[in-house]
1. Can you report the number of residues in region A:65-113 which are away from chain B (no Cβ under 14 Å) and under 18 Å from A:Gln51 (Cα atoms)?
2. Would region B:34-52 turn up any residue that is at pLDDT 95 or above and farther than 26 Å from A:Ser89 by Cβ?
3. Among B:Ser78, B:Ser72, B:Ser106, which is the only one that is farther than 26 Å from A:Asn50 by Cα and part of a loop (DSSP other than H, G, I, E, B)?
4. Yes or no: B:Cys88 open to solvent by 30 Å² or more (accessible area, probe 1.4 Å), under 25 Å from A:Cys23 (Cα atoms) and not aromatic (Phe, Trp, Tyr)?
5. So if I check each of B:Arg66, B:Arg76, B:Arg59, which one is more than 13 Å from chain A (Cβ to nearest Cβ), in contact with an Asp or Glu (Cβ under 7 Å, 6 or more places away or on another chain) and surrounded by fewer than 18 Cβ atoms within 10 Å (Cβ to Cβ)?
6. Is region B:5-15 home to any residue that is acidic (Asp, Glu), closer than 23 Å to A:Phe104 by Cα and free of Cβ contacts under 8 Å to residues at least 60 places away in the same chain?
7. Mind checking which residues of region A:48-105 are part of a loop (DSSP other than H, G, I, E, B), more than 27 Å from B:Leu87 (Cβ to Cβ) and modelled with pLDDT under 95?
8. Condition first: among the β-branched types (Val, Ile, Thr) and out of contact with any Leu (no Cβ under 7 Å at 6 or more places or on another chain). Now tell me which residues in region A:21-45 satisfy that.
Amino acid sequence: SAVISQKPSRDICQRGTSLTIQCQVDSQVTMMFWYRQQPGQSLTLIATANQGSEATYESGFVIDKFPISRPNLTFSTLTVSNMSPEDSSIYLCSAGAGSYEQYFGPGTRLTVT
Amino acid sequence: RKEVEQDPGPFNVPEGATVAFNCTYSNSASQSFFWYRQDCRKEPKLLMSVYSSGNEDGRFTAQLNRASQYISLLIRDSKLSDSATYLCVVPRSGGSYIPTFGRGTSLIVHP
């Protein structure tokens, strides 16, 4: 298994600003993912963070709005850019080692005012 | 059929009851399946994996029915601490290691 930490755990931001969320894994992993979860809803995959190359985004999510970095096998960042109240959500990082078993970070609770 | 479908519930059961959830999937080529548990305001955590006909871990049994394309999760002797949302996970079509999460089934175990 892997232990994943995320920073910040929560934030309240003004519309029009950007927030960068950090995800740190305690071991090298093949796959890292970023999800969004609205209250009472299931997980929506934003993108797959690829080490050393551009992230692979899901339909409805674009790099300009959600730039992602993954400089190595244990770390990734997600930036939520030019935020609006609709971006208020929980953002979760997950990691897997080449199988479908994933381990999640505790999430970042974002509120945009 | 959606990639993954679950009855959202909630399932409201007394302590000690046996409860079962089903999850249907569309990708007939899927070889592995997972159940995750998500407590309120917490991240999902892997509960069980199902690679063949089924898997059992204490009070929890996961079964796979390939012909009808569904997996089930059976919880025996329910505890108050079993109250959570149970997410079914199926590999995305196309062979990548990207999972598809169901919307989850809510379980409430009451005294």
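The values are calculated or read from the model by the stated rules, or taken from the named source; none is laboratory data. Quantities reported herein were computed from a predicted structural model and do not represent experimental measurements. Quick reminder, even Gly has a Cβ in these numbers, built from the backbone with ideal geometry, and neighbours come from all protein chains shown. Side chains included, ligands, DNA and RNA excluded: accessible areas come from the protein's heavy atoms. Shrake-Rupley method; radii C 1.70, N 1.55, O 1.52, S 1.80 Å.
1. Number of matching residues: 14.
2. The answer is no, given that none of the residues of region B:34-52 is at pLDDT 95 or above and farther than 26 Å from A:Ser89 by Cβ.
3. Numbers: B:Ser72 fails: part of a loop (DSSP other than H, G, I, E, B); B:Ser106 fails: part of a loop (DSSP other than H, G, I, E, B).
Of B:Ser78, B:Ser72, B:Ser106, the one residue that is farther than 26 Å from A:Asn50 by Cα and part of a loop (DSSP other than H, G, I, E, B) is B:Ser78.
4. When the stated conditions are applied, B:Cys88 does not pass them.
5. On the way: B:Arg66 fails: in contact with an Asp or Glu (Cβ under 7 Å, 6 or more places away or on another chain); B:Arg76 fails: in contact with an Asp or Glu (Cβ under 7 Å, 6 or more places away or on another chain).
Checking each option against the conditions leaves just B:Arg59.
6. First, pick out the residues of region B:5-15 that are acidic (Asp, Glu): B:5, B:7, B:15.
Those still in the list that are closer than 23 Å to A:Phe104 by Cα too: B:5.
Narrowing the set further to residues that are free of Cβ contacts under 8 Å to residues at least 60 places away in the same chain leaves none.
No; the residues of region B:5-15 include none that is acidic (Asp, Glu), closer than 23 Å to A:Phe104 by Cα and free of Cβ contacts under 8 Å to residues at least 60 places away in the same chain.
7. Correct list: A:Gly52, A:Ser53, A:Glu54.
8. Those that are among the β-branched types (Val, Ile, Thr) and out of contact with any Leu (no Cβ under 7 Å at 6 or more places or on another chain): A:Val25, A:Thr30, A:Thr44.
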